[in-house]
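The values are calculated or read from the model by the stated rules, or taken from the named source; none is laboratory data. Worth saying up front: this structure is predicted, and the values here are computed from it rather than measured. A quick note on method: Cβ atoms are made from the backbone with ideal geometry, for glycine too, and the neighbour counts reach across all protein chains shown.
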Amino acid sequence: MKIALVTGATQGLGLALVEGLARRMDADDTVYLTGRDAARVASSVESIPGGGAQVRGEVFDVAEDDAADRIAETLRERHGGVDIVFGNAVMRVGPDDDPRSIVDTYTEVNNFGTTRLLRAFAPLVRDNGRLLVVASSLGTLHHLAPVLHRRFDGLRSLAEVDDQVAAWRAAIKDGSARGGAWPGFVNIPSKIGQVAAVRALAHQRRDRDLARGVLLAAVCPGMINTPTSALWWDVSSAPSPAEAAAAPLDLALGPLSPKHYGELVRHGEVVPWAP
Ligand SMILES: NC(=O)c1ccc[n+]([C@@H]2O[C@H](COP(=O)([O-])OP(=O)(O)OC[C@H]3O[C@@H](n4cnc5c(N)ncnc54)[C@H](OP(=O)(O)O)[C@@H]3O)[C@@H](O)[C@H]2O)c1
């Protein structure tokens, strides 16, 4: 009996990941569809076609300090562990949002939410499990000015990653980021922070995880036609969430390729971290 969990699963890619997991897993498996709002979680669970694994809703606001620990403890009590975790939640922001007014919540959801998820769930992942963070191809040092690379390169713990994200957040709030080398698009440092978190944890767990068949990786789903990306780009011809979910699902359900461990993976290929 396998257990999977997806964060931010009330729409977009997260919902498609739950649908795909439920379709491809067995009837005695359980997929946790989680989200920040109880009503949206319930209606999303309702929307999943029957057949395949059981889909169970759980309120999980990744911005809440103790939510990841609480949900991890619930799964540990109910099932003794977890097999597949997708950290997918993202705060929707648009080009008109002032970075200074959104950055607290943005980093709380996307970055500190990710490191809390990794801390809470990594100890729970069973043999042959998957711990996957949905990032983006923007999450590499190629998209950051060279003078900033040392901030995110070679980090060895989640605490170091959190410190660097907090420093970036502080630079946005005191205005220094605007005149400096930081990119104006908050998605870039945020996604780099997510990939850096995966890399830092992978540094600590690589040998142990690979010996147990566990994959820890960041995933780039490519451009998707969702309302979030539509705020920035013309995504009318981009893949649907269901189409974009196919490659991340293969990573979650297919055989482990050691080259993917600790890396950002897009359509089965490693996206280089540094120039
Ligand atoms: N769309 C793209 O083109 C694209 C490209 C590359 C990478 N990605 C990545 O793919 C992932 C999914 O993107 P998407 O376009 O599918 O996003 P989306 O459609 O905006 O969905 C985001 C999901 O995150 C949830 N969420 C927001 N705040 C949350 C919180 N505090 N706690 C828990 N859940 C929360 C939302 O819940 P509500 O329903 O309650 O709002 C929603 O279910 C993200 O990590 C994104 O960065 C997307």
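Brief remarks follow.
Matching residues to (1) over 11 Å from residue 124 (Cβ atoms); (2) within 19 Å of the chain's Cα centre (by Cα):
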{"residue": "49", "(1), (2)": "yes, no"}
{"residue": "53", "(1), (2)": "yes, no"}
{"residue": "61", "(1), (2)": "yes, yes"}
{"residue": "64", "(1), (2)": "yes, yes"}
{"residue": "75", "(1), (2)": "no, yes"}
{"residue": "79", "(1), (2)": "no, no"}
{"residue": "87", "(1), (2)": "yes, yes"}
{"residue": "91", "(1), (2)": "yes, yes"}
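- The helices (runs of 4 or more DSSP H) found wholly in segment 1-89 and carrying at least 3 residues that are within 11 Å of the ligand (Cβ to nearest atom), surrounded by 23 or more Cβ atoms within 10 Å (Cβ to Cβ) and not small (Gly, Ala, Ser) occupy 12-24.
- Qualifying residue in segment 158-173 (condition: surrounded by 14 or more Cβ atoms within 10 Å (Cβ to Cβ), among the acidic types (Asp, Glu) and not in a helix (DSSP H, G or I)): no
- Subset of segment 228-244 that is within 9 Å of the ligand (Cβ to nearest atom) and not in a loop (DSSP other than H, G, I, E, B) - its residue that is farthest from residue 91 (Cα to Cα): 244
- Residue 147 being within 12 Å of the ligand (Cβ to nearest atom) and without any contact (Cβ under 8 Å) to a residue 60 or more places away in the chain: no
- Of all residues in segment 216-262, exactly one satisfies the criterion of being more than 15 Å from residue 86 (Cα to Cα), surrounded by 13 or more Cβ atoms within 10 Å (Cβ to Cβ) and among the charged types (D, E, K, R), namely 243.
- Verdict on residue 203 being buried (at least 18 other Cβ atoms within 10 Å of the Cβ) and not small (Gly, Ala, Ser): no
- Subset of segment 120-137 that is in a helix (DSSP H, G or I) and more than 16 Å from the ligand (Cβ to nearest atom) - its residue that is nearest to residue 71 (Cα to Cα): 124
- Residue 216 satisfies every condition listed in (1) aliphatic (A, V, I, L, M); (2) more than 30 Å from residue 123 (Cβ to Cβ); (3) not in a helix (DSSP H, G or I) except (2).
- Condition met for residue 112 (modelled with pLDDT of 95 or more, aromatic (Phe, Trp, Tyr), within 13 Å of the ligand (Cβ to nearest atom) and closer than 23 Å to residue 19 by Cβ): no
- Pairs, first within 16 Å of the ligand (Cβ to nearest atom) in segment 194-220, second among the charged types (D, E, K, R) and outside any loop (DSSP other than H, G, I, E, B), C-beta under 6 Å, six or more apart: 220/266
- Pairs are defined by a Cβ separation below 7 Å, a sequence spacing of at least 6 or placement on different chains, a first member in segment 95-119 that is of a type in the set (Asp, Glu), and a second member that is within 14 Å of the ligand (Cβ to nearest atom); the pairs so defined are 108/63.
- Single residue of 201, 215 found to be within 15 Å of the chain's Cα centre (by Cα) and farther than 27 Å from residue 104 by Cβ: 215
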